[in-house]
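I am attaching a structure below and will ask some questions about it afterwards.
Bear in mind that the values in this text are calculations on the coordinates, not laboratory data. None of these values were measured; they are calculated from a predicted model. Quick reminder, even Gly has a Cβ in these numbers, built from the backbone with ideal geometry, and neighbours come from all protein chains shown.
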Amino acid sequence: MEESKVAATSPEHVRYRLTKFQRLLPALPGFAVVVPFQVLIWLEDGTFDSTVLPALLTWGVLVPLLQIATRGFGVTLTPTTAVVHSFRRRTIPWADVQAIQIESVLGSRTVVIYEAGGRQTRLRAPMTGFLNRDRSFEEKFHIIGRWWQQHRGPDWVPVPPPPVWWGGPPASHGNPYAPTA
């Protein structure tokens, strides 16, 4: 009985990051093609050419360092804010969020947060695509949306989209919640 009460309550925060495979995907071409090719050149000649050592260092040292640096990319949902972790950390209060939608860019689907001030933030995680599949992407998107709706506060009001005059210029394809200039 005690376990069901704990499972029913919401946690203090929820964190989404890229999956391990999504972090390793950019390094796979190097490990599958470049490194074996460089090793074959080295075995054929018997000496290190001026291109073999830099290529091996690039794929053996720099790519793993990049993987370590991007390990923390993602989003943390707290009761008051969404903390976006990227190269720079950014905090978005739930009261400023106007919408959370899925957008597709170059075959990858990502979650985008629209703010009342006109800013849109594309989250690095969760994301899904052809090669970088995340099977629980839809579930994560719905959890982020529900988290926003539950924590945006009673004072939250939607910002109406800018008006479009009949026969006037078409609406912009940017943030539909941006205030009119």
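I want to check the label-to-label distance for R89 and L131. Put each point 7 Å from Cα in the C-beta direction and report it in nm to one decimal.
Roughly 3.2 nm, to one decimal.
What are the residues whose amide H is under 5 Å from the amide H of T80, where those residues sit 5 or more places off or on another chain and H is modelled from the backbone?
Those qualifying (amide H under 5 Å, at least 5 residues apart or on another chain) number zero.
Let me ask something else. Using a 10 Å cut-off on Cβ atoms, rank the peptides 83-95, 108-120 from the highest mean neighbour count down.
Top of the packing list down: 108-120, 83-95.
Hey, another quick one. Once the piece of chain linking R122 and V14 is laid out straight, how much longer is it, given 0.36 nm per residue of separation minus the C-alpha distance between them?
This chain segment gains 37.1 nm when fully extended.
Follow-up. Can you give the local net charge around V83? Use residues other than it whose beta-carbon is closer than 11 angstrom to its beta-carbon, Lys and Arg +1, Asp and Glu -1.
Values: positive: R15, R89, R90; negative: none.
Within the 11 Å Cβ shell, the charges total +3.
Separate question: Considering only the other residues whose Cβ falls under 9 Å of the Cβ of R17, what net charge follows from Lys and Arg at +1 and Asp and Glu at -1? Display every interim value, and only then the final one.
Numbers: positive: R15, R23, R71, R124; negative: none.
Net local charge, R17 excluded: +4.
Assuming R0 = 22 Å, what is the FRET efficiency of V112 and I68, from their Cβ-Cβ distance, to the nearest 0.05?
Numbers: r = 27 Å, r/R0 = 1.21.
So, using R0 = 22 Å, E works out to roughly 0.25.
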